[in-house]
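Visitor: Sharing a structure, written as structure tokens. Questions coming.
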Amino acid sequence: MGAAPRGDHPLVELAGVSKEFRTPPRKLFERAQTVCALTDVSLTIARGESVAIVGESGSGKTTLVRQMLGLSTPTAGTVRFDGVEVVPRSRDLGWLRRRTGLVFQDPYSSFNPRRTIGQSVAEPLEGSAIPGDHGEMVRAVLERVGLPHDAATRYPDAFSGGQRQRIAVARAIVHGPELLVGDEPVSALDVLVRARVLDLLAELRREFGLTLVTITHDLGIVPKLAERTIVMQGGRIVEDGLTADLLTAPKHPYTQQLVASRLRLPGTTWRG
Ligand SMILES: Nc1ncnc2c1ncn2[C@@H]1O[C@H](COP(=O)(O)OP(=O)(O)O)[C@@H](O)[C@H]1O
Ligand SMILES: [Mg+2]
């Protein structure tokens with residue numbers, strides 16, 4: 001386990017993945033509902049790629065990345081990371097935790113207010129029992145993402161939303177993962193701060209050879225973020241291609257609609 005051969009396999013591979021949720025009846029005589037959050041999703045992501053996942057709320061984006069990270073068990077299909085099958089619950093996924101990192105949307109609920117930034121950022125190092133001086137590793141990564149020198153000793157409430165997302169990125173990469181997943185990582189930030197955090201992600205990708213998978217509902221940031229875009233609707237991938245092609249010549253009607261509605265917003269253009 002974890003001793004996967006590196007290089008010959010796609011970093012992420014989903015084959016025929018479906019995920020159903022059964023929700024219990026809310027009222028007397030109501031039936032249990034089954035929600036198909038993902039239906040027959042197949043995709044591969046190569047090492048070093050940057051992929052954006054777009055689609056309306058409820059289209060299955062979060063459920064999709066949770067399968068990649070082994071945080072949820074598919075109802076059908078297989079998930080592989082670097083050639084190794086990911087089987088949540090039935091197997092120790094410590095090796096996958098070490099090789100992946102996740103940044104959530106909300107910079108305010110992502111941190112325990114009673115733990116120092118240093119303690120929070122060190123969590124993946126402790127969880128994965130990474131050898132070395134954790135304090136030093138935390139200070140180095142905080143400096144790398146652009147936080148002030150004394151950040152490690154301070155508490156989350158001392159920082160702005162943008163700084164907290166930098167801290168969240170630091171926590172997601174401190175243990176040296178190969179795959180960094182962001183679930184709407186810049187959606188809660190204002191435009192200027194958002195651009196700087198996107199620049200940071202691009203730098204980190206180059207520096208550490210990271211593979212990036214980023215969920216966003218903002219088509220405007222996709223060109224800056226990823227050379228490949230996956231469009232989801234109703235639990236299915238409806239389009240998957242080069243970002244530049246997808247934005248200039250969308251094939252699927254849903255993508256066409258997304259691109260068209262984006263263009264109608266005043267003052268927002270993603271074409272240079
Ligand atoms: N734990 C869950 N229990 C029941 N239904 C869920 C659960 N997680 C997601 N869903 C449902 O699955 C669908 C896809 O959700 P999600 O992956 O969160 O979409 P997105 O991230 O694109 O907004 C939605 O209909 C959502 O209500
Ligand atoms: Mg979501």
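The values are calculated or read from the model by the stated rules, or taken from the named source; none is laboratory data. Note that the coordinates shown come from a computational prediction; the quantities given were computed from them, not determined experimentally. Every residue, glycine among them, receives a Cβ derived from its backbone with ideal geometry; neighbour counts consider all protein chains shown.
Visitor: Report whether or not Thr44 is surrounded by fewer than 22 Cβ atoms within 10 Å (Cβ to Cβ) and under 19 Å from Thr229 (Cβ atoms). Steps first, please.
Guide: Numbers: surrounded by fewer than 22 Cβ atoms within 10 Å (Cβ to Cβ): yes; under 19 Å from Thr229 (Cβ atoms): yes.
For Thr44, the condition - surrounded by fewer than 22 Cβ atoms within 10 Å (Cβ to Cβ) and under 19 Å from Thr229 (Cβ atoms) - is met.
Visitor: Tell me which residues, restricted to segment 87-106, are assigned to a loop (DSSP other than H, G, I, E, B) and within 14 Å of the chain's Cα centre (by Cα). Please lay out each step first, then the result.
Guide: Of all residues in segment 87-106, those assigned to a loop (DSSP other than H, G, I, E, B) come to 87-93, 104-106.
Matches in segment 87-106: Phe104, Gln105, Asp106.
Visitor: Within segment 51-83, can you find the residues that are assigned to a strand (DSSP E or B), farther than 25 Å from Val186 by Cβ and either within 14 Å of ligand 2 (Cβ to nearest atom) or of a type in the set (Gly, Ala, Ser) (or both)?
Guide: Ala76, Gly77
Visitor: Limited to segment 107-123, what total is found for residues that are within 16 Å of the chain's Cα centre (by Cα) and not polar (S, T, N, Q)?
Guide: If we filter segment 107-123 for residues that are within 16 Å of the chain's Cα centre (by Cα), which is where we start, we get 107, 110.
Right, trim to not polar (S, T, N, Q) and you get 107.
Of the residues in segment 107-123, 1 are within 16 Å of the chain's Cα centre (by Cα) and not polar (S, T, N, Q).
Visitor: Mind checking which residues of segment 40-50 are in a loop (DSSP other than H, G, I, E, B), closer than 21 Å to Pro185 by Cα and not charged (D, E, K, R)?
Guide: Gly48 - this is the single residue of segment 40-50 that is in a loop (DSSP other than H, G, I, E, B), closer than 21 Å to Pro185 by Cα and not charged (D, E, K, R).
Visitor: Between a first residue in segment 127-149 that is of a type in the set (D, E, K, R) and a second residue that is assigned to a helix (DSSP H, G or I) and at pLDDT 95 or above, which pairs have beta carbons less than 7 Å apart while being 6 or more apart in sequence or on different chains?
Guide: Going by the 7 Å Cβ cut-off, the qualifying pairs are Arg139/Ala152.
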